[in-house]
Amino acid sequence: MEHDCRDVPLSLRVSTNATIVQRSSSSQALGVILEMLEEGHAWHYNQYDHNKRLNEAEQSARAVKKGLWSDELAVPPWEYRNERHKKAESQR
């Protein structure tokens, strides 16, 4: 018997964190980073990169809750790593 998957209720939650460090000055690399930020698929690490255009792209995605910004519980990768390090230290 063949099963039609359209009859099955589906609940899906996807969480993606991406950390991008801009090491290339090529316009192509910058374009990829900019597009990821505009679509809400990446965080802009303002502490180390002061590119106004990239910051504005992230802020625009945040404003319309695009991509990862639709998740109110989104955690910046640097905070996530910091918490993991603290947890690992406390377990020693």
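Of the residues SER11, SER15, the single one that is modelled with pLDDT under 50 and under 11 Å from the mean Cα position of the chain (by Cα) is SER15. Candidates are the residues of the range 44-88 that are surrounded by 12 or more Cβ atoms within 10 Å (Cβ to Cβ) and acidic (Asp, Glu); the one that is farthest from VAL32 (Cα to Cα) is ASP71.
The values are calculated or read from the model by the stated rules, or taken from the named source; none is laboratory data. Keep in mind that what you see is a predicted model, and the values were worked out from it rather than measured. FYI the Cβ positions are ideal-geometry reconstructions off the backbone, even for glycines, and counts take in every protein chain you see.
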